[in-house]
1. Run the quick spin-label model on Ser269 and Ala235: label points 7 Å from Cα toward the beta carbon, then report their separation in nm to one decimal.
2. Net charge within 12 Å of Ser36 by Cβ-Cβ distance, Lys/Arg positive one each and Asp/Glu negative one each, not counting Ser36 itself?
3. Enumerate the amide H contacts of Arg153 below 5 Å, restricted to partners 5 or more residues apart or on another chain; note that Pro and chain-start residues carry no placed amide H.
4. Within the set of other residues whose C-beta is less than 14 Å from the C-beta of Val159, count the net charge using Lys and Arg as +1 and Asp and Glu as -1.
5. Given R₀ = 25 Å, FRET efficiency for Trp309-Tyr45 by Cβ-Cβ distance, to 0.05?
6. Mind ordering 165-173, 339-347, 214-222 by average Cβ neighbours within 10 Å, highest first?
Amino acid sequence: MRVTKASKKLLTAAALVAGSMGAYASTTFQLGENVSLTPGYAMRYSYTNREDSSANGGHPTDFHLDSGRFMLGASFSKVLKATLSTERVGGHNHFLDAFAQFEFMPEFNIWAGRLVSPSDRANMAGPYYSMGGGYWPGVASRFGWSGGRFVARDDGASVWGTVADGRLGYSLGAFVGRTFGIGSLTKEEAKTAGVKASDSLMYAGRLQYDFWDRAPGYYNIANWLGAKDILSFGAAFRYQDKGVLTTTGTGDYTAYNFDFLMEKRIKGSGTVAWEAAWYDYDTDNVVRSEQGQAYSTGLSFIFEQKLGWGRLQPFVHWQKFEADSHVDTRQYDLGVNYVIDGYNTQLSATFINTKVSGGLASRSDLDKFVVSLQLQF
């Protein structure tokens, strides 16, 4: 089996501190035996041209820093490690991750602090490590709401590991829980508004089995860019008693999903990848706009041969959310990545169409074209 230099770097990514979601590109400074610091920086910058086919029309354009992250991974011993990262939001830096890692063995680890709670494959990969880098399936993968603007981060703890000869990954955790759906409240906001909020925790878990090459770790890489042959199935759940809080009522929150990823290398040509996922969200009929079923799927092909500095990866995505409020949201993405150095350096161009229909809401049909740059150091 031929492993390219880029593939080796991508394989290293899965083995290092996944919490920083990008620190693998950084330099590690050894401060002593089993003591080290690994700083890193990641950014995504984009140019967007929008065409709204609704009544107002127009062609607005926008240059935007989609994400800017400073990351620090630390090792204090063979067992004790930590991850800290910040995200640039609204012109200010905020803590994104801040958690301690007690890593006893591949089969059993404990992470505690502020981190991504167990969820679907797309959410565990995040926008930096997805098929068509920077792709965020927010229409179907609505777990991100649990962390609001910070994309699924929550305060709590998870136990996780890989068993069955490194093929079966598990994670199970308890978290504070956030807010689920438009119009819902945090616990603090609910108390201020006079809504009785439960102190119950949110419980979340994930199982994943890898049939071909192994893809261990707490987080995922949702596309291996030709570094591995992947055939993987996953399932996740979340539950919180009285986890949905609004000024008009409270309810339990339940969500679960099943997801699938296949990547197969074709010698002398490239690697084809196919992903798919199904979701069910239940807000106890309190926020019906966030209750329903969702679907997503995507295809990509990354060429083995370089074109100039990098390799081309055309891709297509489709996703849909059928809310119980009778509003359907559909989106498809058609684009191409120019992969220069794995997930360290990528350029992408994507056409995106989003349609909202049904219910009492006015219909919308939005087209936009996005050119983006991803860098990690």
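We did not get these values from a lab; they are worked out from the coordinates using the rules stated. These numbers come from a predicted model, not from an experiment. Neighbour counts are summed over all protein chains in view; Cβ atoms, including those assigned to glycine, are modelled from backbone coordinates with ideal geometry.
1. 3.4
2. Details: positive: Lys78, Lys81; negative: Glu33.
That works out to +1.
3. Under 5 Å from the amide H of Arg153 lie the amide H atoms of Gly147, each far enough along the sequence or on another chain.
4. Working: positive: Arg206; negative: Glu103, Glu107.
Combined, the nearby Lys, Arg, Asp and Glu give -1.
5. After rounding to 0.05, the efficiency reads 0.85.
6. Details: 165-173: 17.7, 339-347: 20.9, 214-222: 22.6.
Ranking, from highest mean packing down: 214-222, 339-347, 165-173.
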